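Here is the structure we will look at, set down as structure tokens.
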Amino acid sequence: MENIEHSVTYTKDYRLKVSYLKAYEFYLHAIIKYKQFIFVNFLKYFKASYEQSFLRITWKIILPLVPVSVYVILQEFGLLRSNSIMPSVLYVVIGMAFWQLFSSAITVTMNTPSKEKAVLKKVTIPLILFYISSLGEVFFDYLIRVVLIWVLLFYLKLEFSLTWLLLPIFCLPLALLGAVIGIFCSFFVIFFNDVRNIVDIFLKYGLFVCGVLFPLPGSGLFHTFFSYNPIYIYIENLRQLIVFSTFNDVEHFLYTTLGLIVALIFVLKKLYSLEPRMREYL
Amino acid sequence: MNKPLVRIQGLSKKFPKNLRQSSKQGFAKTIKSLFGRSSEFTSVQGDEFMSLNNISFEIKRGDVIGLIGKNGAGKSTLLKHISGIHLPDAGSIEVSGHIEALIELGAGFHPLLSGKENIKQRVSLLGLSKPETEKILKQIIDFSELGDLINMPVKNYSSGMQARLGFASAVLTKPDILLVDEVLSVGDFEFRQKCLSKINEIKKDTAIIFVSHSHQTLRMFCMRGIVLEKGTMIYDGSIESALDFYQSSLKQDDLIKENEQAPDRSSVYGNEFINSKKIFSFEAEWVDKEFKPKTSFISQESVYLRVKVHFDLDQSINNLILAIPFWHDEVYVTSLSSDVINEKINIDKGIIDYVIKINPAFNEGIFFSCLAIHDGPEHLVRKFLPELKIINNHERSQGIFKLNYEFKNLKEFH
């Protein structure tokens, strides 16, 4: 069994027979030992993305502010309609915030191994550290959106609810779901670029079937299908929780969360087993 | 007891020859691993090649090993296995300690970030406390001698500056195992010397594996040499004996190659030519002082060339000139000429039988040359000579020629 102090015996598929518990223990030690690296790497992504721009970090606010402003204007002119009892601008803004979080989590985790190829080909530090660093930026972007949602909630003069304050942690299920899908895709994207294209198509058009922009049918085949769509379940339930402090469908929410935890445990263990192989084929 | 820091046992690795095949294989292995199944090691198929074949050796702290071999012999692949980038298909590699790899020194730096930010990231990999991190950062910045430029984005660095940063970041983190892959040829002379001196300083506490085509560097640092050929370890011994073994295996290879096919040399060295109206026969060969044929010489012995030419007596030849230009690595380096030293070549009954003696001057290497015979400005013969191989006599040497020089105190000079 390898330890974080670089004492290791490399053999073919040497991580394959390691237990789930040992794999998580390894990751836990890695995260504790390399916490500074995670932070420095997060700063690196953060700085690098705006290093060559004039407005720099201001873009982090401008980019999410523009669509929110557009939706507010459309609402004011009565162009944004919805069959939900929730103000349509709030419906769209919250839906988009969750969708952006989910899609960014997929994209950054899926692309992290290729993006960090030069480092990963030189240093054998655990790949999970890079995933965490890159998710840090996704979380930061989400926090900016959270602030905009708070502003919008006050602007719309809705009655204050304590669930508003929980908005920052509401990101967890969707961020984890995105990360699980992204990490799983990253196992294959290094071999075939087709995976990246398929994910891109899904992320471009998936928002229309996940209750992001408009409510989905309340009955019929479509309704049955969406009641099992984990993204829809999370977006719809969390949105209801924020605005009305109630769960829309607690049963499906819990089942989905249970499924997500199982998927997370599985994917992280597989990441541990496959990481050396991924590094080799990068 | 000094335990091995690297122990390699029966390491074998094969690679597909093309990218598509490589992707397919990797994908298949990934799918198998997802189901908890290990991939079997099979013999080499038609579209694969054996990159490493049953390699076994150990390295302890304080050992400095030179990996010797031609391009494609498996040297860099072996380093990548030790650093954990590649996994073996068979066998095992046991590694204990912190590894640093001096491979492509500039790689891994983010171009938009400053040198300081990049090394901060590199140092954060060590998991040190904040004061320790600050201390090592300062040491790296001082060693790299980049001064204020350390705050400039790396994209504006020259390759030499990136190499400085890469070298300092790797070596000053006090690795237990240091892998050096042909990187000490970058940067300016002064910094290169500083790097070599740093490696010399840390070598007693580190296990170092050197890959270099410079035999001089290998001799300077290594105590042991491992010769690889097509992925197989064919020699393991002292660095001197390993280099000798490698040289002799090169000679054998060259002989085989010469027999297999004559290379097209005219594109580099010009065309061969013989004026058959004026010359009946022509012979030229490298010989020893007893005039016996010889193609390999020790670097500190004299080299002789015997030239025998039969001329047609009916043709008048007024100003015979012999010239021998030399090339090294396809670069023209010098010429010998009877004309330059005002040596008159006399034809005796239509024959010249001359020996040209070259005093010890060549350092280790393979020299290519040709014999040119002129009658004044007119070309009579231009023929390639057999390759002249100079073997090192275990003395330190630099460059391709040994100049005759001496160092003296000014007081003793006259």
Quick one: in the stretch B:66-87, which of the residues that are over 30 Å from A:LEU127 (Cβ atoms) and either charged (D, E, K, R) or open to solvent by less than 60 Å² (accessible area, probe 1.4 Å) (or both) is nearest to the other protein chains (Cβ to nearest Cβ)?
B:ALA73
Quick one: B:ASN363 ticks every box in (1) under 31 Å from the mean Cα position of the chain (by Cα); (2) open to solvent by 50 Å² or more (accessible area, probe 1.4 Å) bar one, so which box is it?
(2)
The lone exception for B:LEU102 - which of (1) at pLDDT below 85; (2) open to solvent by less than 10 Å² (accessible area, probe 1.4 Å); (3) in contact with a Gly (Cβ under 9 Å, 6 or more places away or on another chain); (4) facing another protein chain (nearest Cβ under 7 Å) it fails:
(4)
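How many residues does the stretch A:207-227 hold that are touching a residue at least 60 places away in the same chain (Cβ under 8 Å) and either more than 20 Å from A:HIS252 (Cβ to Cβ) or open to solvent by less than 80 Å² (accessible area, probe 1.4 Å) (or both)? Lay out the reasoning, then the answer.
Step one: filter the stretch A:207-227 for residues touching a residue at least 60 places away in the same chain (Cβ under 8 Å), giving A:207, A:210-215.
Next, only the ones that are either more than 20 Å from A:HIS252 (Cβ to Cβ) or open to solvent by less than 80 Å² (accessible area, probe 1.4 Å) (or both) stay: A:207, A:210-213, A:215.
Looking only at that region, the number is 6.
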With the requirement that a residue be open to solvent by 10 Å² or more (accessible area, probe 1.4 Å) and either polar (S, T, N, Q) or farther than 17 Å from A:PRO217 by Cβ (or both), what does the stretch A:233-250 give you?
A:GLN240, A:LEU241, A:VAL243, A:PHE244, A:SER245, A:THR246, A:PHE247, A:ASN248, A:VAL250
Just one of the numbered conditions (1) in a helix (DSSP H, G or I); (2) more than 14 Å from chain B (Cβ to nearest Cβ) is not true of A:GLY78; which one?
(1)
When the residues of the stretch A:228-282 are narrowed to those that are assigned to a loop (DSSP other than H, G, I, E, B) and in contact (Cβ under 8 Å) with a residue 24 or more places away in the chain, which ends up nearest to the other protein chains (Cβ to nearest Cβ)?
A:LEU282
The lone exception for A:TYR91 - which of (1) aromatic (Phe, Trp, Tyr); (2) open to solvent by 70 Å² or more (accessible area, probe 1.4 Å); (3) under 24 Å from A:LEU213 (Cα atoms) it fails:
(2)
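If I filter the stretch B:255-287 down to residues being charged (D, E, K, R) and loosely packed, with under 14 Cβ neighbours inside 10 Å, which single residue comes out as modelled with the lowest pLDDT? So that I can check it myself, show each step before the final result.
The first filter runs over the stretch B:255-287 and keeps only residues charged (D, E, K, R), leaving B:257-258, B:260, B:264-265, B:272, B:277-278, B:283, B:285.
In the following step, the residues that additionally are loosely packed, with under 14 Cβ neighbours inside 10 Å were identified as B:257-258, B:260, B:264, B:272, B:277, B:283.
Working: B:LYS257: 60, B:GLU258: 50, B:GLU260: 53, B:ASP264: 59, B:GLU272: 81, B:LYS277: 76, B:GLU283: 87.
Only one residue tops the list, namely B:GLU258.
Quick one: in the stretch B:14-39, which of the residues that are of a type in the set (A, V, I, L, M) and within 28 Å of A:SER19 (Cα to Cα) is nearest to the other protein chains (Cβ to nearest Cβ)?
Going residue by residue through the stretch B:14-39, those that are of a type in the set (A, V, I, L, M) are B:19, B:28, B:31, B:34.
Keeping just the survivors that are within 28 Å of A:SER19 (Cα to Cα) gives B:28, B:31, B:34.
Details: B:ALA28: 9, B:ILE31: 9, B:LEU34: 6 Å.
Applying the filter and picking the extreme gives B:LEU34.
Just to be sure, is A:ASN193 of a type outside the set (A, V, I, L, M, F, W, C), away from chain B (no Cβ under 14 Å) and closer than 30 Å to B:GLN21 by Cβ? Can you show your working first?
Working: of a type outside the set (A, V, I, L, M, F, W, C): yes; away from chain B (no Cβ under 14 Å): no; closer than 30 Å to B:GLN21 by Cβ: yes.
So A:ASN193 does not fit the description; no.
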In the set A:SER49, A:SER69, A:SER103, A:SER114, the lone residue that is open to solvent by less than 30 Å² (accessible area, probe 1.4 Å) and either without any contact (Cβ under 8 Å) to a residue 60 or more places away in the chain or under 30 Å from A:TYR272 (Cβ atoms) (or both) is A:SER103
Is at least one residue of the stretch B:381-401 buried (at least 18 other Cβ atoms within 10 Å of the Cβ), in a strand (DSSP E or B), out of contact with any Leu (no Cβ under 6 Å at 6 or more places or on another chain) and at positive phi?
no
Is it the case, given these coordinates, that A:LYS44 is part of a helix (DSSP H, G or I) and within 14 Å of another protein chain (Cβ to nearest Cβ)?
yes
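Look at A:VAL8 and say whether it is assigned to a helix (DSSP H, G or I) and either without any contact (Cβ under 8 Å) to a residue 40 or more places away in the chain or surrounded by 16 or more Cβ atoms within 10 Å (Cβ to Cβ) (or both).
Values: assigned to a helix (DSSP H, G or I): no; either without any contact (Cβ under 8 Å) to a residue 40 or more places away in the chain or surrounded by 16 or more Cβ atoms within 10 Å (Cβ to Cβ) (or both): yes.
Answer is no for this residue.
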For the list (1) more than 7 Å from chain A (Cβ to nearest Cβ); (2) within 29 Å of A:PRO113 (Cα to Cα); (3) free of Cβ contacts under 8 Å to residues at least 40 places away in the same chain, I need the number of the one condition that B:SER43 fails.
(2)
Kindly indicate whether any position in the stretch B:112-126 is of a type in the set (D, E, K, R), surrounded by fewer than 17 Cβ atoms within 10 Å (Cβ to Cβ) and closer than 30 Å to B:ILE8 by Cα.
no
Starting from residues that are out of contact with any helix residue (DSSP H, G or I) (no Cβ under 6 Å at 6 or more places or on another chain) and either over 16 Å from B:HIS86 (Cα atoms) or outside the structural domain of B:GLU94 (by TED's automatic domain parsing) (or both), keep the ones in the stretch B:49-65 and report whichever is surrounded by the most Cβ atoms within 10 Å (Cβ to Cβ).
B:ILE65
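The values are calculated or read from the model by the stated rules, or taken from the named source; none is laboratory data. Everything quoted here is computed from the prediction, not taken from an experiment. Cβ: placed from backbone, ideal geometry, glycine included. Neighbour counts: every protein chain shown. Accessible surface is based on the protein model in full, side chains and every heavy atom, while ligands, DNA and RNA are left aside. Shrake-Rupley method; radii C 1.70, N 1.55, O 1.52, S 1.80 Å.
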